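Coordinate-derived values only; no laboratory data. Bear in mind that the values here come from a model prediction, so they are computed numbers and not experimental data. In this analysis, Cβ positions are derived from the backbone assuming ideal geometry, glycine residues included, and neighbour counts consider all displayed protein chains.
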Amino acid sequence: MHQKFLGTPLIGAKHGAGLDELTWYIHMLMFALFVGWSLYFIYVLYRFRASRNKKADHTGVQSHLSTWVEVGVAVTEAVLLLGFAMPLWANSVRDFPAENQSIVIRVIGKQFNWVPHYPGADRTFGKQDIKNFTAQNYLGIDQKDPAAKDDVIVYTGSEVAVPVNTNVIIHISSLDVIHSFKVFPMRVNQDAIPGMSVPVHFFPTRVGTYPINCAQLCGVGHYSMKGTLKVMETADYAAWLKKNSGAASSADYE
Amino acid sequence: MDIPYTIEPRRDTGLYNAKVGIWLFLASEVMLFGALFSSYVLLRVGNNAWPHGLLNIPIGTFNTFVLITSSVTVVMCWANLKLHNFGRAKLYLAATILCALMFLGIKTKEYNDKFIHYAIRTAEGKEITGHIEGDPHFLTLKKLRAQKVETISFAADPEKDSRGHETKEAKAEEKAHAGHHEFKPIKVSDLTYVSSYVPSHSTYFAIYFTLTGLHGLHVLGGALVMTYILLFSNKMWKAQPERVTNRVEVAGLFWHFVDLVWIFLFPVLYLL
Amino acid sequence: MASTHTTHSAHEAHVHQHHEPGFWSKYIFSTDHKVIGLQYGITALVFLLFGFLLMAAMRWQIAYPNQAMPGVGSLLQKLVGPDMVANDASGKPGVMTPDLYNSFGAMHGTIMVFLAIVPLAFGAFGNYVVPLQIGAPDMAFPRINMVSYQCYFGGGVVMLASFFIPGGAARSGWTSYSPLATVADLANRIDGQTFWLVGMVLLITSSLLGAVNFITTIIQLRARGMSWMRLPFFVWAQFVTGFLLLLAFPPLEAAGVMQLMDNVFDTSFFLPTGLVVSGVKMDVSGGGSPLLWQHLFWFLGHPEVYVLILPAMGIVAEIVACNTRKPLWGYKALVHSALAIGFLSFIVCAHHMYLTGMGTKISTFFQTTTMIISIPSVIILTALFLSLWGGSIRFNTPMLFALAFLPMFGIGGLTGLPLGFNASDILLHDTYYVIAHFHYVVAPGTIFGLFAGIYYWYPKATGRFMNEAWGRIHFALSFVFMNLVFAPMFIQGLSGMLRRMADGGATYSLANSVGVDGALSQFIIDLNKNVSMAAWLLGLAQIPFIINFFWSIKHGKKIENDNPWGATTIEWQTPTPPPHGNFDKEPEAHRGPYDYSVPGAPKDFSPQNQPV
Ligand code: HEA
Ligand code: HEA
Ligand code: CUA
Ligand SMILES: [Cu+2]
């Protein structure tokens, strides 16, 4: 329900509601301070305007009410910090589900599309090394590595598919400049930094097709670097993987 | 009304304006070099292969003493100004400037040694370091191909172990050749990479040249200021001796800072 | 304010012992802090206008993507070339390409922050008012003061020139993240980014020299009796700003030198190994770290944003005290909070980097320090609000702007909180919520504070008031349009509209995302049109100010005495405009800076240099 009050995009992941709840409570604190101070402000402009109050009072406010307001703000912030923000952040950054109970994929950002890399049935990604780099095989996959045989890499279309109601771990990286993998409905945002691979995890709860935004200026095509995250039933997901499985070997470089 | 406390210090701070100014400026310099040093640490930690033994330690040590003596001579200059013998003070100032120029001279020699020291990689990816005959500067593979050079004659460095010390066999071999490099021809077509030790060769050299280059500019700046004071203070000395003393004190503070930066630079770059 | 009072009064003549300086040494190569202040002021206002014009062009592309700009389209194409301004479907010139949008966005941010607001707040107001307020004849180092203006001017010229070089101006945001900053324009070795870096080094040198000068002046040249706790709050704000500039800028200079090496000498400070750009393996040594640039940039980034706000807080405090005819509430709390902001601003910078892959420990630290730093700002704003209680408030133009500053900065500051919590930042990072947050602080916040300062000190610099009626029209229009521009951005941000979109988010709109759940609604996209209209009207609303500004120099209402507002601080106890050397006899402070309505005093204000 906080999502409706805030007007944030629909929620399609388990941790989404908790995040919107924190955002809503912070806005409650802000709203309270805004209304409180605005009322005081309007009153004081009216009450102490020069025409009504010829002589100013040298001492002014004596009471320590304001210090109590500040202490109140500090305490509320502490509650929000310890009660909500830290647990939520710990959940999203530290408490990863076990790899064997999750779908683990890699998504590589490059100037101006997203390339998903699935490990395939053996659940291990083919080795990669810059030595194997060619214009077609720009991820530098070692074709001779047995683990790479069943990998599924979709070079075009910026389309990433994941099964619904399963732990999903995505390792985010980039080939060239900094991008940022952001899917609002999944309440997930992670910078894609070249030379680094950073995992994010979420538990999709709603079947659907959601936009993948690039949330870090990455050049002339930044505004059009839109991808799609397809959350599918497990069967459809397996079919989708099969359909794209031929992609790894004949990397039809767009 | 003219600006107070340009010469005599302000009672409650005990400082004259220029002294406050120089201390503040040095604070910003500390932040500048601090940022560069922390970048050095971050780059080194991030890099698994950090080269060793590429710098000439004896020359570095000697250069450190040159700077330390220059710090001593600038203090002697200031002391002599306090004792009002202007002649002796000018001698010490000249000595400081001389040390600064010697430091820069040695640095230039070190830089030049780098620019004629080459790293080449053959097709199998093995990297060999050494010298190219005629000691050309800033040669690259692109230039070689552009000039359609067929072969280069290359003298490899003696074998070095990972810590950068010469291995036993290398010492024996070098003794046999009585120290002179033995040039062998190498076909340009076999090479995939040719570069002298320049900033673009590796992050190590990039940060080395940036740190020592920026420090060198500060040494040059200090030397120029002290030369200006040396040549143009006679008239001011007669009219307002304290102004000259203050100028030397301020320049001296900057000089001690420049020396201090080198005291950090030397171990970090040369020894660790 | 452009030219010092041309007709010298007899009183002033005898102060000029040496020869009367010619035009060049009086206005261009002057070492008088007041003239340098005016030089900073005029140059900064012109850059402010230029920064606005860049934004006005961008607002067209945001609201009407890929449609030719009416009127200026063909002119813009001639200026920056057809590959930057293309023709629309029907061949009409004036369509902004994404490259031009990105470069206008980067330069709008850079020009506004480094060439307009900081020089205006620190260079202009600081130079003109601080020496007068502490009873000093001039800055501690007048010649360095002149050099710092020249470095600033040089930096500005380099930034402007970068628009017309092949490849155009820098286009990697005002944050210039690497590797994009290095690879954005590989075709030209000396590209816009290299110009940006050279310009930045000049601007940083100018700010460093300025900071050294300011801090030394405030420490050394306070008049007799002007103890630290008798300094007007404006001087304290500039003092803390000086330290922020002095200590935060050098790391950016170091980063700038390293990025310059990356751009021009092929080093890889910020380029990791194995970089593949547009299908080609980058021929660089690699081993660098993109995050190193971000750490160094934001080490300056956050202190810089407090440099943008502290002087405005100082100006507002002076005007509130003077126009409520009563002392500021909690002077000590104000001073200690300003010092606390100064210190804390160095340890919060990583709240701009929550999403770079931080662990829990680091982000919890920076999240906590970010919350702690909002306390001093709350205290300052509370003190300014409470200073109104019991006052006799006069609603002249400076006071209107100063009063509006309070809630506007309040909204800006409050909306910093959800960005400060790392969990809610996952949602709001890089959206228009961030744009709205900081524009509420810098536009209706800092700019209103600076407008208040201009209207307030204008009579002291020229001997004439700016027109009061036009001033109020300027205030009313600006206030309405500022809110119409920035308030809708909060809604856009919350609903998931990203910043730095060269088509205003159209790619992510429902129309272009058939069958996609969570695309941007048409309502959110159409808000762009209202915001753009409000931004253009905001620009028109500045015309009365510009006319009033120049017209009043010769025709404004003359001031009856040297202290037209009846203020207590010393800059009003000097002739108008203050002569070279400011004071004929050495001033002395006998009391605090805000002795208004002292019971039993002859007038409702007792100037600081009036014996107790
Ligand atoms: C002058 C400039 C300025 C100021 C003062 C601030 C102040 C603050 N800022 Fe902001 N900020 C910027 C300029 C500024 N900021 C800029 C330019 C960016 C984006 C840079 C970029 O990415 O390009 C940014 C971005 C930014 C981020 C990163 C967002 C992101 O990119 O994901 C964060 C996160 O913590 C943040 C937090 C804060 C906080 C907690 C404060 C606190 O200091 C605020 C404290 C103030 C208060 C809490 C107000 C108190 C109010 C009252 C007491 C009563 C109010 C009364 C009424 C409303 C009537 N800011
Ligand atoms: C710090 C100062 C500052 C100021 C004052 C402003 C002012 C304004 N800014 Fe900007 N802005 C930034 C700093 C600033 N901005 C930064 C840092 C960015 C991020 C850049 C990036 O993404 O890298 C940004 C980005 C930014 C964006 C997002 C662009 C994008 O993400 O694609 C937008 C969108 O509308 C915007 C709009 C505006 C508007 C409408 C104003 C208006 O308030 C402008 C109002 C202007 C005036 C009121 C000027 C009046 C001029 C005069 C009165 C001069 C008079 C002259 C004489 C007397 C000689 N700004
Ligand atoms: Cu990729 Cu923006
Ligand atoms: Cu910040």
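Descriptive notes on the structure:
- Taking label positions 7 Å along the Cα-Cβ direction at both residue B:189 and residue B:62, the computed distance is 4.5 nm, reported to one decimal.
- Alpha carbon centroid spacing (whole Å) that separates segment C:347-415 from segment C:42-82: 32 Å
- Comparing A:152, A:61, A:35 in a Gaussian network model of chain A (Cα springs below 10 Å), the most mobile by mean-square fluctuation is A:61.
- Spherically averaged projected area in nm², based on the convex hull that wraps the Cα atoms of segment B:1-79: 9.0 nm²
- Result for chain B in a Gaussian network model with C-alpha springs under 10 Å: among B:25, B:257, B:65, the largest mean-square fluctuation is at B:25.
- Cut-off under 5 Å, modelled amide H: who pairs with residue B:193 long-range: B:121
- Built amide H within the under 5 Å cut-off of residue B:16, gap 5+: B:10
- Over the protein assembly as shown: helical MRE at 222 nm, DSSP H runs n ≥ 4 each giving -39500 (n - 2.57), nearest 500: -17000 deg cm²/dmol
- Residue pairs, from the table C:558/C:585; A:226/C:281; A:131/C:281, whose Cα atoms sit over 21 Å apart: C:558/C:585; A:226/C:281
- Calculated P(r) tail over 47 Å for chain C, as whole % of Cα pairs: 15 percent
- Folded to 0 to 90 degrees: helix B:203-232 orientation relative to chain B principal axis, Cα: 30 degrees
- Values of log10 I(q)/I(0), in the order q = 0.11, 0.12, 0.18, 0.19 Å⁻¹, for segment C:424-497 under a Debye, Cα-only, solvent-free model: -0.40, -0.45, -0.74, -0.78
- Both the radius of gyration and Dmax for segment C:57-157 are 20.2, 65 Å, in that order, over alpha-carbon atoms.
- Residue C:72 versus residue C:547: modelled label distance in nm, points set 7 Å from Cα along the beta carbon direction: 2.0 nm
- Taking the inverse of the mean 1/r over every pair of distinct Cα atoms in segment C:460-612 gives a Kirkwood hydrodynamic radius of 20.3 Å.
- Distance from the C-alpha centroid of segment C:551-612 to that of segment A:22-79: 32 Å, rounded to the whole angstrom.
- Relative compactness, segment C:117-252, computed as alpha-carbon Rg over 2.2 N^0.38 Å: 1.26
- Computed about its Cα centre, the charge dipole of the protein assembly as shown is approximately 2300 debye, with only Lys, Arg, Asp and Glu carrying charge at their Cβ.
- Whole-angstrom gap from segment C:166-241 to segment B:108-150, using each part's C-alpha centre: 40 Å
- Scoring C:389-399, C:106-116 by mean Cβ neighbours within 10 Å over their residues and listing the highest first yields C:106-116, C:389-399.
- For residue C:605, residues with placed amide H under 5 Å, excluding near neighbours: C:597
- Translational D in µm²/s for the protein assembly as shown (Stokes-Einstein at 20 °C, 1.002 mPa s, Kirkwood Rh from C-alpha pairs): 66 µm²/s
- R0 of 51 Å, Cβ-Cβ distance residue C:555-residue B:243: FRET efficiency to nearest 0.05: 0.60
- In a simple Cβ point-charge model (Lys, Arg +1; Asp, Glu -1; nothing else charged), chain C has a dipole of about 1060 debye relative to its Cα centre.
- When the listed pairs B:19/C:460; B:107/B:148; A:110/A:144; A:144/A:182; A:182/A:242; C:26/C:78 are checked against a 30 Å cut-off, the alpha-carbon distance exceeds it for B:19/C:460; B:107/B:148; A:144/A:182; C:26/C:78.
- Net charge dipole size for segment B:1-151 [Lys, Arg +1 and Asp, Glu -1 on Cβ; Debye, nearest 20]: 100 debye
- Nearest-0.05 FRET efficiency for residue A:65 and residue B:50, computed from C-beta distance (R0 41 Å): 0.10
- Of all aspartates and glutamates in the structure, those lying under 15 Å Cα to Cα from residue C:326, and not within fewer than 8 positions of it along the same chain, are A:57, C:318, C:595, C:604.
- Electrostatic bookkeeping for residue C:370 treats Lys and Arg as +1 and Asp and Glu as -1; over the other residues with beta carbon under 12 Å from its beta carbon, the sum is -2.
- P(r) of chain B over all Cα-Cα pairs, binned every 5 Å from zero, in whole percent: 1, 5, 10, 13, 13, 12, 10, 9, 7, 6, 5, 4, 3, 1, 0, 0
- Computed from the Cβ-Cβ distance with R0 of 22 Å, the FRET efficiency linking residue A:52 to residue C:604 stands at 0.85.
- Each peptide among B:198-204, A:175-181 gets the average number of other Cβ atoms lying within 10 Å of its residues, and from highest to lowest they stand as A:175-181, B:198-204.
- The DSSP beta bridges internal to chain C are antiparallel in roughly 75% of cases.
- When restricted to Cα atoms, chain A yields an Rg and a Dmax of 25.4, 90 Å, respectively.
- Result for chain B in a Gaussian network model with C-alpha springs under 10 Å: among B:53, B:213, B:125, the largest mean-square fluctuation is at B:125.
- Membrane-span-like helices of chain C, defined as complete DSSP H segments with a Cα extent of 27 Å or more along the helix axis and a mean Kyte hydropathy of at least 0.5, are identified as C:33-63, C:142-161, C:192-220, C:233-265, C:290-324, C:360-386, C:468-494, C:522-540.
- Extent along the principal axes, Cα only, for segment C:409-549: 65, 31, 20 Å, with the longest axis given first.
- Per-residue average of Cβ from other chains inside 10 Å of C:518-530: 2
- Span-like helix criteria (full DSSP H runs; alpha carbon extent of at least 30 Å along the helix axis; mean Kyte-Doolittle hydropathy of at least 0.5) are satisfied in chain A by A:16-47.
- Average beta carbon contacts from partner chains per residue of C:44-51, 10 Å cutoff: 0
- In degrees, nearest ten, helix B:241-266 long axis to first principal axis of chain B (Cα): 30 degrees
- Relative to the longest principal axis of the Cα atoms of chain B, the long axis of helix B:86-115 lies at roughly 20 degrees.
- Paramagnetic reach from residue A:82 in segment A:11-25 [backbone N under 20 Å; point 7 Å along Cα→Cβ]: A:22-23, A:25
- The phi torsions of segment C:114-120, fed into the Karplus equation with coefficients 6.51, -1.76 and 1.60 and a -60° offset, translate into couplings of 8, 10, 10, 5, 5, x, 5 Hz, rounded to whole numbers, with Gly and Pro shown as x.
- Shielding of C:501-510 by partner chains, average beta-carbon count, 10 Å: 3
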